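The values are calculated or read from the model by the stated rules, or taken from the named source; none is laboratory data. Keep in mind the model is a prediction, meaning the values are calculated, not measured. Cβ sites come from the backbone with ideal geometry, for glycine too, and all protein chains shown count toward neighbours. Just so you know, the surface numbers come from the protein's heavy atoms only, side chains and all, with ligands and any DNA or RNA stripped out. Shrake-Rupley method; radii C 1.70, N 1.55, O 1.52, S 1.80 Å.
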Amino acid sequence: MGAERARRWKLLPFRSLSLPPPAAASKAKNRPPDVPVPPSPARKEAQEEVPAEFLCPILGAPMTDPVILPSGRTYERACVRACAELGLSLTPDGVVAAEGSTPGGGVAVAIPNDALRAAVRTWCERTGRAAPVAPPAEEAREAVLRAVPAARAPARSASNLSCSSEGASAASTSSSSTSGRSSREMAAAEVEVVRGGKAAPKEREKEKEKEKEEEPARVADAEEEAVAKAVEAGDEREVEAAMAALRRATREGAERRRALCVPRLLAALRRVLLSSRHTAPARADAAAALANLSLEPENRVLIVRAGAVPALVDAIASAAAPPEACEHAAGALFGLALHEGNRAAIGVLGAVPPLLAVLAGRDHAPRARRDAGMALYHLSLAAVNQSKLARAPGASRSLLSVASDAAEPAPIRRLALMVVCNVAACAEGRAALMDAGAVATASGILSDDGSRNSELQEWCVAALYAMSRGSPRFRGLARAAGADRPLMLIAEQASPGVHKEMAQTALRTMLGLADNSDDDQISNSRNNEGNHGGGKQPQRRRVASWSAPPAATPTSSHQWRSVCID
């Protein structure tokens, strides 16, 4: 036997089942660890379908906030809210219908379905799906509108439908003509037919409110056009009718007056007042319309800028103007003078002399005199008008004559004294008043009427105090007029207040015990209380009552209540 052959071992390739192939391993090393391996198409097909009980019957998507209705069915809460907003109801078989069409189909009671919500979340976590998100309100509204059954609307009974046969035929015509519209628009139209045109109550309410807000402006535009055309045409009957209608319109309310105060209408009123060929009723109605428009603070500057003041002054000063137009023009100037920025302009345009003539003239109506006095009082709060009254020939004597006439009504006398106090605020006015005998007049009123009329007494003391400031002539004139005795009685017996302090200061100045030239403390406190045009001005709306003092002024001032001119 020969030598034994050496055994040879055949090495087979060995591959570990626990390790990935080299190529796969290298790819796994290069892939980022946080990027999941996308599933294969076969795995996508093998994914579980969403269970039917997880889907909302209206949206067709998994529910994130399911609620149970009294009918026993479960819906997404956003869809239930959309039904309530649209005025729809959900029937027991899951059909969206008009509200009240099916008993027990309301959406007012909704109970959260916590068990179903937890089941949906658990299923999403198990299958690797993202948790469902609540749909937006607009998406839920569109889904509800799409769910309205269009084919079932004609089959309903007449008691469940509020639309008539004409409405049904109109709906069929509109549906045929809107075949190219989107499904959302068609569904909205179907809901409107089913509910008798009440598919969007909130939107309709907003539209109605907007129309209501725009109604005064539209009416004002129509009236403006009618009045302007009538005045431009020049027909006296049309002008008279237009002015009467405008006068009535300005009495309807503040909003209407603000809407009517436009340049074109103001220009028409100005033309009627300035033209003597128009009838007396037309001119009176034009003045009354301006007086009513001046009741609103927003209109006062606009009226002055429109150039109405010269027309009002002409209605007061002209002898050919109707008495009613003069009366209403005085009321209009009264309203315009309440605005502080208008006072200088009204005085420059020449309103002071005719207003003073109306106040002093007994042939004018009582309301015209009161309105003219109030306008003059507010105008005299401006320094430029104080100088005008001081320089006007006979102005001081006219005011003092009205104030001292016992036959005049007490409100007219008080207005004259109020203007005197304003004029005495400037050195030029004090000199003019003293030349006209104002110290003797005020002293005589205090001696004669002081005990009977406390308001006249207070304004006389205020006038004496104003004339005593910085005037060396006051001491001699007061002693000659015997003002020391009434002032002493007031200083001793009057109740504490500005009135008593002014009497004491004027008495000390008259006796030479004090110099009142630089004493502004009493004047400032008096202005703050409203006695002399300072502080808070009373809001005029129209002179009608003079019986009680306003809340913002002491008992010495006047009072009126606001009314429109009929």
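Hey, can you tell me all the residues within the range 340-352 that are under 12 Å from Leu381 (Cβ atoms) and crowded, with 20+ Cβ neighbours inside 10 Å?
Passing the criteria: Asn342, Arg343, Ile346, Gly347.
With (1) without any contact (Cβ under 8 Å) to a residue 60 or more places away in the chain; (2) within 26 Å of Leu336 (Cβ to Cβ) as the list, and Gly437 as the residue in question, which single condition is left unmet?
Among (1) without any contact (Cβ under 8 Å) to a residue 60 or more places away in the chain; (2) within 26 Å of Leu336 (Cβ to Cβ), the lone unmet condition for Gly437 is (2).
Per-residue answers, yes or no, for (1) at pLDDT below 95; (2) in the same structural domain as Ala416 (by the TED database); (3) not polar (S, T, N, Q):
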| position | (1), (2), (3) |
| --- | --- |
| Ala306 | yes, no, yes |
| Ala320 | yes, no, yes |
| Phe334 | no, no, yes |
| Arg362 | yes, no, yes |
| His378 | no, no, yes |
| Ser387 | yes, no, no |
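With respect to Leu400, determine if the residue is in contact (Cβ under 8 Å) with a residue 12 or more places away in the chain, more than 19 Å from Ala466 (Cβ to Cβ) and not aromatic (Phe, Trp, Tyr).
no
If I ask for residues that are open to solvent by 20 Å² or more (accessible area, probe 1.4 Å) and hydroxyl-bearing (Ser, Thr, Tyr), which ones from the range 362-388 would you list?
Passing the criteria: only Ser387.
Within the range 413-426, is even one residue crowded, with 22+ Cβ neighbours inside 10 Å, among the basic types (Lys, Arg) and under 31 Å from the mean Cα position of the chain (by Cα)?
Scanning the range 413-426 turns up no residue that is crowded, with 22+ Cβ neighbours inside 10 Å, among the basic types (Lys, Arg) and under 31 Å from the mean Cα position of the chain (by Cα).
In the set Ala325, Ala321, Ala332, which member is part of a loop (DSSP other than H, G, I, E, B) and farther than 22 Å from Ser387 by Cα?
Being part of a loop (DSSP other than H, G, I, E, B) and farther than 22 Å from Ser387 by Cα holds for just one of Ala325, Ala321, Ala332, which is Ala321.
If you go through the range 458-493, how many residues are more than 20 Å from Arg430 (Cβ to Cβ), open to solvent by less than 20 Å² (accessible area, probe 1.4 Å) and without any contact (Cβ under 8 Å) to a residue 40 or more places away in the chain?
Number of matching residues: 1.
If I filter the range 27-42 for residues that are at pLDDT 85 or above and surrounded by fewer than 17 Cβ atoms within 10 Å (Cβ to Cβ), do I get at least one hit?
No, the range 27-42 contains no residue that is at pLDDT 85 or above and surrounded by fewer than 17 Cβ atoms within 10 Å (Cβ to Cβ).
Which numbered condition trips up Leu446, out of (1) free of Cβ contacts under 8 Å to residues at least 60 places away in the same chain; (2) surrounded by fewer than 23 Cβ atoms within 10 Å (Cβ to Cβ); (3) hydrophobic (A, V, I, L, M, F, W, C)?
Looking at each condition in turn, Leu446 falls short on (2).
On the given criteria, is Arg271 under 29 Å from Asp363 (Cβ atoms), outside any helix (DSSP H, G or I) and open to solvent by 60 Å² or more (accessible area, probe 1.4 Å)?
So Arg271 fails the test.
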